[in-house]
Each structure stands twice: as C-alpha cells, then as structure tokens.
1. Working carefully through the options 54, 8, find the one that is within 8 Å of the chain's Cα centre (by Cα) and farther than 19 Å from residue 85 by Cβ.
2. List the residue pairs whose Cβ atoms are under 8 Å apart, where the first residue sits in the range 1-14 and is in contact (Cβ under 8 Å) with a residue 24 or more places away in the chain, the second is open to solvent by 90 Å² or more (accessible area, probe 1.4 Å) and assigned to a helix (DSSP H, G or I), and the two are 6 or more positions apart or on different chains.
3. Identify, please: which residue in the range 52-69 is of a type in the set (A, V, I, L, M, F, W, C) and surrounded by 10 or more Cβ atoms within 10 Å (Cβ to Cβ) and is, among those, nearest to residue 27 (Cα to Cα)?
4. Only one residue in 61, 70 is in a strand (DSSP E or B) and either out of contact with any Leu (no Cβ under 8 Å at 6 or more places or on another chain) or of a type in the set (Asp, Glu) (or both). Which one?
5. Going through the range 4-49 one residue at a time, which ones are buried (at least 16 other Cβ atoms within 10 Å of the Cβ), of a type in the set (S, T, N, Q) and either in a loop (DSSP other than H, G, I, E, B) or touching a Phe, Trp or Tyr at 6+ places or on another chain (Cβ under 8 Å) (or both)?
Amino acid sequence: MKIGIIGAGQIGGTLARRLSGFGHEVSIANSRGPASLAALAKETGAKPVSVEQAARSGDVVMVSIPMKNVARLPSGLFDGVPEGVIVV
C-alpha cells in the first residue's frame with residue numbers, strides 16, 4: 001500500500017519505521033523540507049517529499065502534527081486528492 005505521512009516527529013517517525021518494515025511504500029514530509037529527512041529516509045526506506053507530495057502520494061495519508069500546527073498546513077492541501085484516499 002502507498003502511504004503518505006505528514007509529520008516526522010515521534011509518531012510520524014515511528015509510523016514510517018513500522019509501515020516501511022511491513023513492506024508499505026511510505027512517503028514522509030515535515031515543515032523543514034525533504035532534505036531534513038535524509039537520516040530518517042536512510043533508516044526506514046521512506047521517501048522524503050514535500051508536504052504537498054505527501055498529501056497526494058498514498059492510498060492513505062496520515063497527518064501526525066500537533067493540533068496547533070494544523071492551521072499552518074498549506075491552504076487547499078487536499079484539493080484534488082482522489083475521493084477514495086483515506087486521511088487520518
């Protein structure tokens with residue numbers, strides 16, 4: 001399954017490790033950009049991407065950021081995402 005993760009902290013990083021370990025194709029993003037995720041990508045096999053790419057890279061998209069930062073997500077982030085994509 002293709003899974004996008006927005007947020008690479010404790011929870012997002014753990015999700016990337018576990019889901020990649022189960023053989024899922026994981027894309028992960030954070031607010032600092034893909035270059036800041038090089039170590040996590042090397043460790044997990046997850047693909048570092050932009051937040052916009054993570055929102056469109058999976059059958060499931062997991063948003064793992066503090067509630068106070070949800071308002072900082074790009075406007076229209078999920079516009080154009082196929083109807084069947086599950087956002088958690």
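1. 8
2. Listed by first residue and then by second, the contacts come to 4/53.
3. Filtering the range 52-69 for residues that are of a type in the set (A, V, I, L, M, F, W, C) and surrounded by 10 or more Cβ atoms within 10 Å (Cβ to Cβ), the one nearest to residue 27 (Cα to Cα) comes out as 54.
4. 61
5. 30
The values are calculated or read from the model by the stated rules, or taken from the named source; none is laboratory data. Keep in mind that what you see is a predicted model, and the values were worked out from it rather than measured. Every residue, glycine as well, gets a Cβ built from its backbone with ideal geometry; the counts of neighbours run over all protein chains shown. Remember, those area values only see protein heavy atoms, side chains included, never the ligands or the DNA or RNA. Shrake-Rupley method; radii C 1.70, N 1.55, O 1.52, S 1.80 Å.
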